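**Q** Pasting a structure here, questions to come.
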Amino acid sequence: MMKLLRVSALMLLLPFGFVGSVLAQQPAYPIVIDHALGRTVIDRKPERVATVAWANHEVPLALGIVPVGMAAANFGDDDGDGVLPWVAEALDALGGEPPVLFDEGDGIDFEAVAATDPDVILAAYSGISQSDYEILSQIAPVVAYPKAPWSTEWREMIRLNSVALGMGSEGDALIAGIEADIAKAVAAHPDLAGKTAMFVTHVDPLDLSRISFYTDNDTRVQFFKDLGLTSPRAVVETSKSGVFSGSVSAERVDMFEDVDIVVTYGDEGTIERLSANALLSTLPAIRNKAIVALGRDPLGTAANPTPLGIPWVLDDYLALLSDAAGKAE
């Protein structure tokens, strides 16, 4: 059972005595934010905040603001209510009117977003298209990703979204608080220091002829660095091209001989299939079952770090990685 960490938004993560000082630092308007899809101008402090895509709502929640609308969770939502457990805790702690949940199974629900009458729309971590951005911009100012779809590192997501809220200083303090949580947790697992980890994308049990993996440009692999892990040579080389994933024939499995830990989505059956494969089992990490298999549950979302999700699942994720490291040669 994962330990429930009570999230009391801003007050939980800001240093004592900081709240009063940052509240006195009122930002100058208009706020101008340049991003990959254009330039957003925010003329006044937003009061009604809507968010789209994955986890952007966690920034206002962590800063004490309940969004008027946000995307329903579509991964890791084990109870089917569209809200991940750490988000539910933040909403309970803050109280107030619950946000409208946008169903994004078929893309952005523009009508639902418009119906919430937002002053700003946060999408710093998202995959919205130029067309999506232009339509959303007719509703309210939109903050998109700084470089490429689904590539915004968690710190940058907090920075962009918090600045859009007129709370840039509070956002910096939120980042510092999370970094302190990570540092404390990682210190308890010195066995991970210097270990190499590779994140294998979803394993197809019917076709193990290829090895597909995320590169250093993906947020899941970027999180490895926060946890003291490094990438193997093949992942580093593939990352230089700017792509977010790579794929090679299983016959080239020797490319990954320096991998200490394999992380993927799956279960014990996935581990057994990988270990039984004639080619893949030649890798020390797989032969020794130094594998972390993440399910479609809240813990599985630990792979993709988010402001409220990190402290909630950090200890459990590190424990799994540490267990795998203990099996590595």
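The values are calculated or read from the model by the stated rules, or taken from the named source; none is laboratory data. Just so it is clear, the model here is predicted, and its values are computed rather than measured. Because the Cβ atoms are built from the backbone with ideal geometry, glycine has one as well, and the counts that use them run over all protein chains shown.
**Q** Tell me yes or no: at least one residue of the stretch 217-229 is over 20 Å from Gly326 (Cβ atoms) and not in a helix (DSSP H, G or I). It would help to see each step written out before you state the result.
**A** Residues of the stretch 217-229 that are over 20 Å from Gly326 (Cβ atoms), as a first pass: 217-223, 225-226.
From what's left, not in a helix (DSSP H, G or I): 217-218.
There is at least one residue in the stretch 217-229 that is over 20 Å from Gly326 (Cβ atoms) and not in a helix (DSSP H, G or I).
**Q** Output the residues belonging to the stretch 269-319 that are closer than 24 Å to Asp191 by Cβ and either of a type in the set (Phe, Trp, Tyr) or assigned to a loop (DSSP other than H, G, I, E, B) (or both).
**A** The answer is Leu283, Asn288, Lys289, Ala290, Gly295, Asn304, Pro305, Trp312, Tyr317.
**Q** Quick one: Val68 ticks every box in (1) buried (at least 19 other Cβ atoms within 10 Å of the Cβ); (2) touching a helix residue (DSSP H, G or I) at 6+ places or on another chain (Cβ under 7 Å) except a single one, so which number is it?
**A** (2)
**Q** In the stretch 197-214, what residues are without any contact (Cβ under 8 Å) to a residue 60 or more places away in the chain and surrounded by fewer than 22 Cβ atoms within 10 Å (Cβ to Cβ)? So that I can check it myself, show each step before the final result.
**A** To start, the set of residues in the stretch 197-214 that are without any contact (Cβ under 8 Å) to a residue 60 or more places away in the chain comprises 204, 206-207, 209-210, 212-214.
Correct list: Asp204, Leu206, Asp207, Ser209, Arg210, Ser212.
**Q** Somewhere in the stretch 128-137, is a residue exposed (fewer than 15 other Cβ atoms within 10 Å of the Cβ) and not hydroxyl-bearing (Ser, Thr, Tyr)?
**A** Within the stretch 128-137 (the criterion being exposed (fewer than 15 other Cβ atoms within 10 Å of the Cβ) and not hydroxyl-bearing (Ser, Thr, Tyr)), the answer is yes, since at least one residue qualifies.
**Q** Another question about this same structure. Check whether at least one residue in the stretch 150-167 is within 25 Å of Pro30 (Cα to Cα), at pLDDT 95 or above and surrounded by fewer than 16 Cβ atoms within 10 Å (Cβ to Cβ), and report yes or no.
**A** Within the stretch 150-167, none of the residues are within 25 Å of Pro30 (Cα to Cα), at pLDDT 95 or above and surrounded by fewer than 16 Cβ atoms within 10 Å (Cβ to Cβ).
**Q** For the stretch 279-329, which residues satisfy the criterion of being at pLDDT below 90, more than 30 Å from Val59 (Cα to Cα) and of a type in the set (Gly, Ala, Ser)?
**A** If the condition is that a residue be at pLDDT below 90, more than 30 Å from Val59 (Cα to Cα) and of a type in the set (Gly, Ala, Ser), then Ala328 is the only one that fits.
**Q** Mind listing just one residue for me: the one in the stretch 65-117 that is closer than 16 Å to Leu308 by Cβ and among the β-branched types (Val, Ile, Thr) and, of those, nearest to the chain's Cα centre (by Cα)?
**A** The residue in question is Val87.
**Q** Additional query: Just one of the numbered conditions (1) within 22 Å of Ala193 (Cβ to Cβ); (2) in contact with a Gly (Cβ under 9 Å, 6 or more places away or on another chain) is not true of Gly326; which one?
**A** Here Gly326 clears every test but (2).
**Q** With the condition being over 26 Å from Ala328 (Cβ atoms), under 20 Å from the mean Cα position of the chain (by Cα) and not aliphatic (A, V, I, L, M), I'd like the helices (runs of 4 or more DSSP H) fully within the stretch 122-203 carrying at least 3 qualifying residues.
**A** Ranges flagged: 154-164, 168-187.
**Q** What residue, among those in the stretch 277-329 that are under 29 Å from Ile178 (Cβ atoms) and touching a Ser or Thr at 6+ places or on another chain (Cβ under 8 Å), is surrounded by the most Cβ atoms within 10 Å (Cβ to Cβ)?
**A** Val313
**Q** In the stretch 237-264, how many are crowded, with 18+ Cβ neighbours inside 10 Å, of a type in the set (Ser, Thr, Tyr) and farther than 17 Å from Thr196 by Cα?
**A** 0
**Q** Now a separate question. Considering every residue within the stretch 248-258, establish whether at least one is in a loop (DSSP other than H, G, I, E, B) and in contact with a Leu (Cβ under 9 Å, 6 or more places away or on another chain). Full working, then the answer.
**A** Here is the first cut: in the stretch 248-258, the ones in a loop (DSSP other than H, G, I, E, B) are 257-258.
With in contact with a Leu (Cβ under 9 Å, 6 or more places away or on another chain) added as a condition, the list becomes 257.
So far as the stretch 248-258 goes, yes, one or more of its residues are in a loop (DSSP other than H, G, I, E, B) and in contact with a Leu (Cβ under 9 Å, 6 or more places away or on another chain).
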